[in-house]
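Read through the structure below, which is laid out as structure tokens, and then see the notes.
The values are calculated or read from the model by the stated rules, or taken from the named source; none is laboratory data. Everything numeric in this text was worked out from a predicted model, so none of it was measured. Neighbour counts run over all protein chains shown; Cβ positions are idealised from the backbone, glycine included. We work out accessible area using only protein heavy atoms, side chains counted, and drop any ligands, DNA or RNA first. Shrake-Rupley method; radii C 1.70, N 1.55, O 1.52, S 1.80 Å.
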Amino acid sequence: MDGEEKLALIPKKGESGMKHIFQKGSDESKPTLLLLHGTGGDEYDLLPLAKMIDEKASVLSVRGEVLEHGMPRFFKRLAEGVFDEADLIARTAQLNDFLNVSSEKYGFDRNNIVALGYSNGANIAASLLFHYAGALKAAILHHPMVPRRGIELSNLAGTSVFITAGQNDPICSASESLELEKTLAEAGAAVSIHWENNGHSLSRTEVAAAGEWYERIFIN
Ligand code: MLT
């Protein structure tokens with residue numbers, strides 16, 4: 001990326017205070033891709049993936065506001081894999097509000113957002129699905145966990161979800177990935193799961209698989 005391109009991408013403060021990048025796509029009928037990075041990442045990390053998924057779509061890439069030893073995240077955790085539930089709920093509401101405000105500000109369709117999240121970013125995207133039916137049209141979740149248990153999900157009919165998971169992921173076990181798939185499917189979402197064998201890392205093959213899934217749903 002050259003200097004001028006980087007300047008155009010300088011994070012702005014939205015009304016709700018979340019740092020983000022918005023890039024207007026060349027085709028407004030496309031979904032807006034909501035990018036949510038993993039722990040220690042930022043709003044620049046997943047931009048290349050968005051281009052691979054749909055180069056004509058608008059992109060809204062957000063930085064998590066929680067800092068864990070200086071590493072941005074979307075919500076607090078008490079330990080590895082143990083979420084601070086109150087914080088998760090509050091930050092999910094904040095992100096949902098931010099999507100409302102951003103759709104007005106940038107003029108994109110609030111009902112046509114496709115989230116693309118990795119790890120902690122996939123977890124808050126899953127939390128949006130759990131708490132706000134209609135918040136997302138679809139979601140690509142790379143290595144997500146089950147964000148909460150013991151709550152009833154709203155009807156997710158009409159929502160499509162693509163999960164990529166690791167058979168040997170030390171952070172999110174294969175059984176937890178299957179549990180998430182089942183929970184979302186029981187709420188009415190159309191869920192597909194793609195398996196990898198590269199631990200918790202995000203590999204090229206799963207990005208390519210997500211691209212093929214997106215193409216089947218949104219391009220063909
Ligand atoms: C989380 O805390 O969201 C998960 O453990 C994934 C991670 O960020 O490592």
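Listing for the model above:
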{"item": "Options G121, G117, G150: the member that is open to solvent by 10 Å² or more (accessible area, probe 1.4 Å) and either within 15 Å of the ligand (Cβ to nearest atom) or not in a strand (DSSP E or B) (or both)", "result": "G150"}
{"item": "Complete set of residues in the range 72-96 that are in contact with a His (Cβ under 8 Å, 6 or more places away or on another chain) and either within 14 Å of the ligand (Cβ to nearest atom) or under 26 Å from P170 (Cβ atoms) (or both)", "result": "P72, T92"}
{"item": "Subset of the range 188-214 that is of a type in the set (A, V, I, L, M) and open to solvent by 40 Å² or more (accessible area, probe 1.4 Å) - its residue that is farthest from T159 (Cα to Cα)", "result": "L202"}
{"item": "Answer from F75, F130, F98 - the residue that is of a type outside the set (G, A, S), open to solvent by less than 10 Å² (accessible area, probe 1.4 Å) and touching an Asp or Glu at 6+ places or on another chain (Cβ under 6 Å)", "result": "F75"}
{"item": "Qualifying positions in the range 29-53 - assigned to a loop (DSSP other than H, G, I, E, B) and either farther than 16 Å from A210 by Cβ or hydroxyl-bearing (S, T, Y) (or both)", "result": "S29, T39, G40, G41, D42, E43, Y44"}
{"item": "Residue pairs meeting the criteria (Cβ under 7 Å; at least 6 apart or on separate chains; first within 11 Å of I140 (Cβ to Cβ), in the range 189-210; second open to solvent by 20 Å² or more (accessible area, probe 1.4 Å) and more than 16 Å from the ligand (Cβ to nearest atom))", "result": "E206/H194; V207/L49; V207/M52; A209/H194"}
